[in-house]
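Step one of this worksheet: look at the structure below.
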Amino acid sequence: MGGFVIIKLYIIADDFGIAENVNSAIVSLLNKKSITHTSAIVCGPSINHAIKMLDKRFFKRVGLHLCLDSEKPISNVDDIPSLIDKKTNKFFSREKFILKALSGSINKHELEKEICLQIEKLLSFGIKPHHIDGHGHLHVLPIVSKLLKNISIKYGINKIRKPLEHNLFA
């Protein structure tokens, strides 16, 4: 006879820090217990607003929503040129990042630096990331996922989202 398997279900709202209206909605959902966790996009334009809104009792329910496309990086742009669109001084678009990642045009050390700085930014708010996931699921690309394996161990983060979506990058 078989035993029971206990499965933990996390209902996570991404993009905490991307816009004030998104932040307000996520805090409301946390307060209503409609979601269990959120993922903070620390390079988002409204991250400071998000953290100010968040009651400290929810700090353990915040993960890192790793952003590697379209926003301004945490790193100095001169330190991570393989990740930056020189026209905008922001990360490349999602499509361009995917092409660069799959063609081997991203410097692994630059990518590791930015990932670590995003984790450290969340830590600077007094939040130890509960989990890591990725904006646009870019964290599943091989160059990113291989780095995340070691980086997550370094920072003691033992949960990384594994999306099971059809046509992930369609």
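Less than 5 angstrom separates the built amide H of K90 from those of D85, all sequence-distant by 5 or more or on a different chain. Taking 19 Å as the cut-off, the amide N atoms of region 15-46 that come nearer than this to a point 7 Å along the Cα-to-beta-carbon line of K56 belong to 31. The chymotrypsin sites (Phe, Trp or Tyr not before Pro) found in region 1-105 that occupy coil by DSSP, while having at most 15 further C-beta atoms within 10 Å, are F4, Y10.
Is it possible to state the helix-based mean residue ellipticity at 222 nm for the chain, with each DSSP H run of 4+ residues giving -39500 (n - 2.57), the sum divided by total residues, to the nearest 500 deg cm²/dmol? What is it? Please list the in-between numbers first.
Values: 5 runs with 60 residues, N = 170.
So the helix-based figure for the chain works out to -11000 deg cm²/dmol.
Share of carbon and sulfur in the accessible area of the chain stands at 54%, probe radius 1.4 Å.
Rolling a 1.4 angstrom probe over the protein heavy atoms with all chains in place gives region 1-146 an accessible area of 53 Å² per residue.
Computed extension length for E120-S105: 2.9 nm, one decimal, from 0.36 nm per residue of separation with the Cα-Cα distance subtracted.
Expressed in Å, the radius of gyration and Dmax of the Cα atoms of the chain are 16.3, 63.
Over the Cα atoms of region 1-89, the radius of gyration divided by the Kirkwood radius equals 1.14; this is the Rg/Rh ratio. Take every Cα pair under 8 Å whose residues are at least 6 apart in sequence, average their separation, divide by the length of the chain, and the relative contact order is 20 percent. When the charge dipole of the chain is built from unit charges on Cβ atoms (+1 for Lys and Arg, -1 for Asp and Glu) and taken about the Cα centre, the candidate among L30, N89, V42 whose Cα reaches farthest toward its positive end is L30. Among the lysines of region 44-116, pairs that are 8 or more positions apart or on different chains and have alpha carbons within less than 27 Å of each other number 29. The ratio of the alpha-carbon radius of gyration of region 68-139 to the globular-protein estimate 2.2 N^0.38 Å is 1.09. Applied to region 143-156, the Karplus parametrisation 6.51 cos²θ - 1.76 cosθ + 1.60 on θ = phi - 60° returns per-residue 3J(HN,Hα) values of 4, 6, 5, 5, 5, 4, 4, 6, 5, 5, 5, 3, 9, x Hz, with x for Gly and Pro. Couplings 3J(HN,Hα) of region 22-31, computed from phi: 5, 4, 4, 5, 5, 4, 4, 5, 4, 4 Hz, in residue order, whole Hz [Karplus 6.51 cos²θ - 1.76 cosθ + 1.60, θ = phi - 60°; x for Gly and Pro].
Among the trypsin sites (Lys or Arg not before Pro) within region 61-170, those in coil by DSSP and having at most 12 neighbouring Cβ atoms inside 10 Å are K86, K87.
Rg and Dmax of region 110-162, both derived from C-alpha coordinates alone, stand at 10.3, 30 Å. Among G134, N76, A101, whose Cα projects farthest towards the positive end of the dipole of the chain, with charges put on the beta-carbon of Lys, Arg (+1) and Asp, Glu (-1)? Final value for the positive-end residue is G134. Amide H to amide H, with H built 1.01 Å from N, H131 comes under 5 Å of G63, L64, counting only residues 5 or more places away or on other chains.
The values are calculated or read from the model by the stated rules, or taken from the named source; none is laboratory data. The structure displayed is predicted, hence computed values, not measured ones. We place every Cβ from the backbone using ideal geometry, glycine too, and count neighbours over all the protein chains shown. All accessible areas refer to the heavy atoms of the entire protein, side chains included, with ligands and DNA or RNA removed. Shrake-Rupley method; radii C 1.70, N 1.55, O 1.52, S 1.80 Å.
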